[in-house]
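Okay, structure first, notes after.
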């Protein structure tokens, strides 16, 4: 046996057991649980990859025995494989945990459908991961895809699915509905990552980049400082982009959900809400942009009668003058205020333009909401899932916004009506009814998806029937 | 009096705030006759199921812990199927969410074509006025062959009956009069479910105490713990 071959054989055997386990694990999970399409696609890829790796490992050892001078190449390939598998390893278990009983499936389906309606994202899919962290997060995927392409050169049996994104939900929020609307923000990160790295670049992303570098280069002359400033402003840009993107797809329900989450995380104190840090803009700045966008899209007018704390909070934050915003590099070190000003004056207008360019008009959504809101609220008031009939079924965005408005304003009334006076002050009962409301909303979305699928099928059948006839 | 198709459709057109309104949603059909008969409406099987779990006890005791101890939840999306083994039972639910009017009771029956495969859909078929929710179906395969169930297919039929008018009950503060009938408020335990629901019981001691029975014999749950040689029962408490 040539020098080094035994080592290679040992390494290959260890790797073989490793990928064998991963492949079997994915198969086992798919057998025992139901997953959304994107997760199924991801598991299929992993299964094909692991089968391909096992085959290639056998071939490589054969090749090495015949051509000992190939040993260094084979070793390099093995290293690439190990690194890539380490990346995949962190995705597989959280994806396996996120089956349809632990995530809000209808909401994720809806978000995926809306995502595919965004310019340049037509075939995108989102894999949901459950994380032990109490946060929503989009796993950056560009690096994973680069490594996948590298691996494909010597394991050609599996191709990484194009435009596949990974979004983490906190496991505790898995089946809940209202807080999980935050997933739209993370989808914004996915869109940003996909479209900002296009070649040739998207014109509005070029404009956004120019606005950032142009405004900052006037303030910071030192190259290193400028690079750091650009990095920080890019972080803020993404956050505002994602918020506005989510609002365009979802309307005010997203803002209300974000208020709930930030409040749960304790980020809405008066001191923290005006503080920019290197990764996030101040909550007050974010909410000011929410209110701007909601006003421009006529949503604020449509929900002007809502008298909830969340809406008041949103408006109060939006009213905070920008002079009170401050920027801290860490807990104690203050950063240059000029960075915040440049961001507000030059970059935010470019973000708004980009979001408008990418997302569909929201006028129809607002009008539809106005038309169906009363009917939806009437159903919820009597403890009924919003009704889906053949004609005039409410659309999912109207459903979500109406249900959220109802949750913020009318839930105590329903509790009192069914449970008796004073029951709305009982935390257990309140929580139980919140859960019910979420289930009914989710059921209505699921029903609307079933109706939608049926309508599409009916159109196809009638079209092919007419074609046959003619 | 059994409600006719015309009456069912009429009540479905009423506003939801009206006590006489009937809700069945979503109704999916190409043709009304696909799901309506002259005196009934067919309902579809939903996508969620509760399958019996292997218990850690040698028996099942209907008590407080039963809701979580007896079943394991399963989701079968439209387009896939669930196998019900021979002589096995599962809990499913209708795809449709229903709300009965205050003057109407309902009954669920297995669709005759389904019944002829020896799938029995309901053993507690009565639905009280004002019930709302997806109906939990106790599905039993009483045949000698495993049978496939496809969510979304028609599985049972709902028959609706108008209840005779009564006078308001002065002794029951929960009772409400809606003109010609008296109704009680809907059951809060099973209010508005959208998935099959596990049974909810009080502990037998509490239940029987209400009728004056004390000293109800209980049983000790067997606690098992792992040892080097396998699982062992814990020592009985003194």
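The values are calculated or read from the model by the stated rules, or taken from the named source; none is laboratory data. Given the structure is predicted, the values throughout are model-derived calculations rather than measurements. All Cβ positions, glycine included, derive from the backbone under ideal geometry; neighbour counts span all protein chains shown.
Would you say residue A:158 is modelled with pLDDT of 90 or more, farther than 30 Å from residue A:434 by Cβ and exposed (fewer than 15 other Cβ atoms within 10 Å of the Cβ)? Here the answer is no, as residue A:158 does not meet what is asked. Within region B:2-22, the set of residues being in contact with a helix residue (DSSP H, G or I) (Cβ under 7 Å, 6 or more places away or on another chain), within 10 Å of another protein chain (Cβ to nearest Cβ) and in contact (Cβ under 8 Å) with a residue 12 or more places away in the chain comprises B:16, B:21. Selection of region A:252-304 for residues being part of a loop (DSSP other than H, G, I, E, B), within 21 Å of the chain's Cα centre (by Cα) and without any contact (Cβ under 8 Å) to a residue 60 or more places away in the chain yields A:267, A:279, A:280, A:282. In the set B:42, B:63, B:34, only one residue is away from chain A (no Cβ under 13 Å) and outside any loop (DSSP other than H, G, I, E, B); that residue is B:42.
Only residues that are within 14 Å of chain B (Cβ to nearest Cβ) and out of contact with any strand residue (DSSP E or B) (no Cβ under 7 Å at 6 or more places or on another chain): list them for region A:79-105, please. A:99, A:104, A:105 - these are the residues of region A:79-105 that are within 14 Å of chain B (Cβ to nearest Cβ) and out of contact with any strand residue (DSSP E or B) (no Cβ under 7 Å at 6 or more places or on another chain).
If you go through region A:333-350 one residue at a time, do you hit one that is within 14 Å of another protein chain (Cβ to nearest Cβ), under 28 Å from the mean Cα position of the chain (by Cα), without any contact (Cβ under 8 Å) to a residue 60 or more places away in the chain and assigned to a helix (DSSP H, G or I)? If you could, list the steps in order and put the result at the bottom.
Let us first name the residues in region A:333-350 that are within 14 Å of another protein chain (Cβ to nearest Cβ), namely none.
Looking through region A:333-350, none of the residues is within 14 Å of another protein chain (Cβ to nearest Cβ), under 28 Å from the mean Cα position of the chain (by Cα), without any contact (Cβ under 8 Å) to a residue 60 or more places away in the chain and assigned to a helix (DSSP H, G or I).
With respect to the conditions (1) within 14 Å of chain B (Cβ to nearest Cβ); (2) under 26 Å from residue A:187 (Cβ atoms); (3) part of a helix (DSSP H, G or I), residue A:35 falls short on a single one, namely (3). Among the residues of region B:163-198, those that are more than 14 Å from chain A (Cβ to nearest Cβ), buried (at least 16 other Cβ atoms within 10 Å of the Cβ) and either part of a strand (DSSP E or B) or at pLDDT 60 or above (or both) comprise B:163, B:182, B:198. Scanning region A:445-455 for residues being farther than 13 Å from residue B:195 by Cα and more than 7 Å from chain B (Cβ to nearest Cβ) gives a total of 6.
In the condition set (1) under 27 Å from the mean Cα position of the chain (by Cα); (2) within 12 Å of chain B (Cβ to nearest Cβ), residue A:399 is compliant with all but (2). Just one residue in the set A:154, A:177 is in a loop (DSSP other than H, G, I, E, B) and over 19 Å from residue A:99 (Cα atoms); that residue is A:154. Within region B:75-109, the set of residues being away from chain A (no Cβ under 14 Å), assigned to a loop (DSSP other than H, G, I, E, B) and surrounded by 18 or more Cβ atoms within 10 Å (Cβ to Cβ) comprises just one member, B:103. Here's a check for you: in region A:198-229, which residue that is under 16 Å from residue A:118 (Cα atoms) and in contact (Cβ under 8 Å) with a residue 24 or more places away in the chain is surrounded by the fewest Cβ atoms within 10 Å (Cβ to Cβ)? Per the stated criteria, the residue is A:198. The single residue among A:144, A:155, A:118 that is touching a strand residue (DSSP E or B) at 6+ places or on another chain (Cβ under 9 Å) and either under 21 Å from residue A:199 (Cα atoms) or away from chain B (no Cβ under 14 Å) (or both) turns out to be A:144. Residue B:141 meets all of the listed conditions (1) buried (at least 21 other Cβ atoms within 10 Å of the Cβ); (2) at pLDDT below 95 but one, namely (2). Counting only residues that are free of Cβ contacts under 8 Å to residues at least 24 places away in the same chain, in a helix (DSSP H, G or I) and within 30 Å of residue A:240 (Cβ to Cβ), region A:357-391 holds 2 of them. Determine whether region A:185-194 contains at least one residue that is within 14 Å of residue A:350 (Cβ to Cβ) and in contact (Cβ under 8 Å) with a residue 40 or more places away in the chain. Yes, because at least one residue in region A:185-194 is within 14 Å of residue A:350 (Cβ to Cβ) and in contact (Cβ under 8 Å) with a residue 40 or more places away in the chain. Among the conditions (1) surrounded by 14 or more Cβ atoms within 10 Å (Cβ to Cβ); (2) without any contact (Cβ under 8 Å) to a residue 60 or more places away in the chain; (3) within 12 Å of chain A (Cβ to nearest Cβ); (4) touching a strand residue (DSSP E or B) at 6+ places or on another chain (Cβ under 8 Å), the only one that residue B:72 does not satisfy is (1).
When you check residue A:448 against the structure, is it in contact with a helix residue (DSSP H, G or I) (Cβ under 9 Å, 6 or more places away or on another chain) and part of a loop (DSSP other than H, G, I, E, B), yes or no? So that I can check it myself, show each step before the final result.
Details: in contact with a helix residue (DSSP H, G or I) (Cβ under 9 Å, 6 or more places away or on another chain): yes; part of a loop (DSSP other than H, G, I, E, B): no.
Against the criterion (in contact with a helix residue (DSSP H, G or I) (Cβ under 9 Å, 6 or more places away or on another chain) and part of a loop (DSSP other than H, G, I, E, B)), residue A:448 does not qualify.
Test residue A:19 against the stated conditions and say whether it is surrounded by 14 or more Cβ atoms within 10 Å (Cβ to Cβ) and free of Cβ contacts under 8 Å to residues at least 12 places away in the same chain. Reasoning before the result, please.
Working: surrounded by 14 or more Cβ atoms within 10 Å (Cβ to Cβ): yes; free of Cβ contacts under 8 Å to residues at least 12 places away in the same chain: no.
Here the answer is no, as residue A:19 does not meet what is asked.
For region B:110-153, how many residues meet the condition of being farther than 16 Å from residue B:12 by Cα and part of a loop (DSSP other than H, G, I, E, B)?
Initially, region B:110-153 is screened for residues farther than 16 Å from residue B:12 by Cα, giving B:110-128, B:134-153.
Add one more test, that the residue is part of a loop (DSSP other than H, G, I, E, B), and what stays is B:111, B:116-118, B:121-125, B:128, B:142-146, B:150-153.
Of the residues in that region, 19 qualify.
Going by the structure shown, is residue B:25 buried (at least 18 other Cβ atoms within 10 Å of the Cβ) and in contact with a strand residue (DSSP E or B) (Cβ under 9 Å, 6 or more places away or on another chain)? I'd like the intermediate steps shown before the answer.
Working: buried (at least 18 other Cβ atoms within 10 Å of the Cβ): yes; in contact with a strand residue (DSSP E or B) (Cβ under 9 Å, 6 or more places away or on another chain): yes.
Spelling it out, residue B:25 is indeed buried (at least 18 other Cβ atoms within 10 Å of the Cβ) and in contact with a strand residue (DSSP E or B) (Cβ under 9 Å, 6 or more places away or on another chain).
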